[in-house]
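Derivation of every value follows stated rules applied to the coordinates shown; laboratory data play no part. These figures come from a predicted structure and were not determined experimentally. Cβ: placed from backbone, ideal geometry, glycine included. Neighbour counts: every protein chain shown.
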Amino acid sequence: MKTAMQELFSKLETEYPNLFNTNTQEGRKFINDYYQFFELEKEQIIDSFDAGCEDDNLIGKEYYNKIFKNEQ
């Protein structure tokens, strides 16, 4: 399963591969400017899981890694 941001970046990478070309200034700038939003989304997922989960055996970070980590 992919997060919404992972899906968006997969689509952008397919449609606009130049944005992800780290050999260009444009590509490096794009990645540096927008990669921060992956971390923000990750923290939101973890915090939401921790706030709503009644399972004391699983914490948000473990949930995120189990569901989303292998997709990046």
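Looking at the chain as a GNM with Cα springs under 10 Å, which of Glu54, Glu43, Glu62 has the largest mean-square fluctuation?
Comparing Glu54, Glu43, Glu62 in a Gaussian network model of the chain, the most mobile one is Glu54.
In deg cm²/dmol and to the nearest 500, what is the mean residue ellipticity at 222 nm of the chain if only DSSP H runs of at least 4 residues count, each as -39500 (n - 2.57), divided by the residue total? Kindly include the intermediate steps, with their values, before the conclusion.
Numbers: 4 runs with 47 residues, N = 72.
The helix contribution divided over the chain gives -20000 deg cm²/dmol.
How large is ³J(HN,Hα) for each residue in the range 35-52, as worked out from phi by the Karplus curve 6.51 cos²θ - 1.76 cosθ + 1.60 (θ = phi - 60°), to whole Hz, x for Gly and Pro?
5, 4, 6, 5, 5, 4, 4, 4, 5, 5, 5, 4, 5, 5, 4, 4, 6, x
Residue by residue through the range 4-11, what is 3J(HN,Hα) from phi via Karplus (6.51 cos²θ - 1.76 cosθ + 1.60, θ = phi - 60°)? Round to whole Hz and write x for glycine and proline.
These are the phi-based 3J(HN,Hα) values: 4, 5, 5, 5, 4, 5, 5, 5 Hz.
Lys pairs in the range 4-71, Cα-Cα under 21 Å, at least 8 apart or on separate chains: how many? If you can, show how the numbers build up before the last one.
Details: Lys11/Lys29; Lys11/Lys42; Lys11/Lys69; Lys42/Lys61; Lys42/Lys66; Lys42/Lys69; Lys61/Lys69.
Count of close lysine pairs: 7.
State the answer as a single residue: which of Ile59, Phe30, Ile45 lies farthest towards the positive end of the charge dipole of the chain, with beta carbon charges of +1 for Lys and Arg and -1 for Asp and Glu, about the Cα centre.
Phe30
In nm, to one decimal, how far is the Tyr34 label point from the Leu8 one, both placed 7 Å along Cα→Cβ?
Going by the 7 Å Cα→Cβ label model, 0.8 nm.
Compute the signed sum of charges (Lys and Arg +1, Asp and Glu -1) over the other residues within less than 14 Å, Cβ to Cβ, of Asn32. Write down the numbers at each step before the final one.
Values: positive: Arg28, Lys29; negative: Glu26, Asp33, Glu39.
Charge balance near Asn32 sits at -1.
Return the sequence-ordered ³J(HN,Hα) values of the range 59-68 in whole Hz as given by the Karplus equation 6.51 cos²θ - 1.76 cosθ + 1.60 applied to θ = phi - 60°, using x for Gly and Pro.
Working through the residues one at a time gives 9, x, 5, 5, 4, 4, 4, 5, 8, 10 Hz.
If the chain between Gln25 and Lys66 were fully stretched, how many nm would it gain, using 0.36 nm times the residue separation less the Cα-Cα distance?
Working: separation 41, 0.36 × 41 = 14.76 nm, distance 3.44 nm.
The Gln25-Lys66 span can extend by a further 11.3 nm.
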